[in-house]
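Asker: Got a structure for you, questions after.
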Amino acid sequence: MNIQDLIRPTVKALKPYSSARDEYQGNSDAMVFLDANENPFENGVNRYPDPQQRTVKSLLSNIKGIPQQNMLLGNGSDEVLDLIYRAFCEPNQDNIITLPPTYGMYSVLANINAIKIKSVQLDKNFQPKVDEILDIADSNSKLLFLCSPNNPTGNSFEAKSIEKLINNFKGIVVIDEAYIDFSNEESWASKLNLFPNLIVTQTLSKAYGMAGIRLGICFASEAIISVLNRIKPPYNVNELTQQKAISQLEQQYEITKQQVTDILKERDALVTKLKSVDFISKIYPSDANFVLAKVDDATKRYNQLIEKGIVIRNRTTQPGCENCLRFTVGTSKENDVLIKSLKELE
Ligand SMILES: *Cc1c(COP(=O)(O)O)cnc(C)c1O
């Protein structure tokens, strides 16, 4: 497969905007910067940020074991996903494939970009129906989204299914690994060399505890990264975000890892306690920091919890999730409040 054949002609033809800071790279301390029309008086944010976020990438590269050339950062993974659409999908012509029940942004972004959506519902164990997916794909199917661990179901997809899809789908396979840091599965980012049509997305929003700074990560071949770099807004990750990411990754990484361990322990405790709530009939296995549970009447229970000041996610309208609620794992205290409240419901 040649990635170049999948890129939109307009994207291939365009000459990217070259920002002032793109043109100069080197030792900044010794330099006088009169190139970008900035206010010269220092206040911490008077300069444009590094358009390539080199320091953040080098820290992430060490943590994740992926070279910086295989990495692109965005204003949340939502921006990364949008860039992927704009690089590969021709409006009013191409389509993408999603596997509901799954993350809502894939179809929102398809609709924004005027891209048709083909969907193949996950099977009753929330695994991909590989042959049906490959059958439904046509020559305009440019992207296939696999969310693993999947939101809202919490499970990981079987490795052999994922591999068969990457090997046989004629477009780009995007594996959304927003929850990978909670899982024991290995990231597919370590296999980029084997699969030229693979993109893996991750985020600092979940396990890393930085949803507020909006920092998403894209791992892919250098060919794909270079296409996305051509179309990204030059300064898409702001200075405050870069500074906060750097300080957290340098100073708080051990604490973050401990928090993930604690959250997983809390998740297992929460599952045990949820089992003793009489109107909960099923709790689905989770590789993430949330659990999906089937109840007698999801909308009624959701509204009752709101009355008690507890906000969860009602997923009942999602295919295959009738009467299902999604609970994020909170602190031990928050989870106790949840369980106590659930047991009080009539
Ligand atoms: C939360 C989440 C994301 C994260 O999006 P950001 O824009 O990075 O905050 C991505 N994918 C899935 C499936 C998610 O649940």
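Every read-out reported here was derived from the displayed coordinates using simple, explicitly stated rules and does not represent laboratory data. All values reported here derive from a predicted model rather than from experimental measurement. For neighbour counting, all protein chains shown are included, and Cβ atoms are generated from backbone atoms with ideal geometry for every residue, glycine included.
Asker: Taking the Cα-to-Cβ direction at T261 and at K116 and moving 7 Å from each Cα, how far apart do the two end points lie in nm?
Answerer: 5.2 nm
Asker: Given the Cα atoms of the chain, and with Rh set as the inverse mean 1/r over their pairs in the Kirkwood sense, what is Rg to Rh to two decimals? Numbers along the way, then the final one.
Answerer: Values: Rg = 21.7 Å, Rh = 21.8 Å.
Using Cα coordinates only, the ratio equals 1.00.
Asker: Please name whichever of I213, V173, V108 sits farthest to the positive end of the charge dipole of the range 104-228, dipole taken about the Cα centre and charges placed at Cβ: Lys and Arg +1, Asp and Glu -1.
Answerer: Positive-most Cα among the choices belongs to V108.
Asker: Related question: So what is the relative contact order for the range 254-344, in percent, with contacts set as C-alpha pairs under 8 Å and at least six apart?
Answerer: Details: 118 pairs, mean separation 24.6, N = 91.
With pairs under 8 Å counted, the relative contact order is 27 percent.
Asker: Taking a Cβ-Cβ separation under 4.7 Å as the criterion for a possible partner, which cysteines of the chain have none?
Answerer: Lone cysteines by the Cβ rule: C89, C147, C218.
Asker: Would you mind calculating the gained length between N125 and Y17 on full extension (0.36 nm times residue separation, minus the Cα-Cα distance), in nm to one decimal? Each step should come with its number before you reach the end.
Answerer: Numbers: separation 108, 0.36 × 108 = 38.88 nm, distance 4.65 nm.
Net length gain for the segment: 34.2 nm.
Asker: How large is Rg over Rh for the range 1-88, taking Rg from the Cα atoms and Rh as the Kirkwood inverse mean of 1/r across Cα pairs?
Answerer: On the way: Rg = 16.4 Å, Rh = 16.0 Å.
Taking Rh as the inverse mean 1/r over Cα pairs, Rg/Rh reads 1.03.
Asker: Hey, which lysines would be in cross-link range of K282, C-alpha to C-alpha under 26 Å, not counting anything within fewer than 8 residues on its own chain?
Answerer: Straight-distance partners of K282: K124, K129, K206, K265, K273, K294, K300, K308, K333, K340, K343.
Asker: Rule-of-thumb check for the range 254-344: C-alpha Rg over 2.2 N^0.38 Å? The partial results should precede the final answer.
Answerer: Working: Rg = 13.0 Å, N = 91, 2.2 N^0.38 = 12.2 Å.
In units of the globular-protein estimate, the range 254-344 measures up at 1.06.
Asker: With the chain treated as a Gaussian network of Cα nodes joined by springs under 10 Å, which of V311, V174, V130 yields the largest mean-square fluctuation?
Answerer: Highest fluctuation of the listed residues: V311.
Asker: Provide the per-residue ³J(HN,Hα) series for the range 191-197, in order, calculated from phi with Karplus coefficients 6.51, -1.76, 1.60 and θ = phi - 60°, each as a whole number of Hz, with x at glycine and proline positions.
Answerer: The phi angles translate into 10, 4, 5, 7, 10, x, 9 Hz.
Asker: So what are the ³J(HN,Hα) numbers for the range 71-78, from phi and the Karplus equation (6.51, -1.76, 1.60; θ = phi - 60°), rounded to whole Hz, Gly and Pro as x?
Answerer: Working through the residues one at a time gives 10, 9, 10, x, 6, x, 5, 4 Hz.
Asker: Another one. Just add up the charged neighbours of T261: K/R +1, D/E -1, any other residue whose Cβ is under 12 Å from the Cβ of T261. Working shown, then result.
Answerer: Values: positive: K257, K265, R267; negative: D181, E254, D262, E266, D268.
In short, -2.
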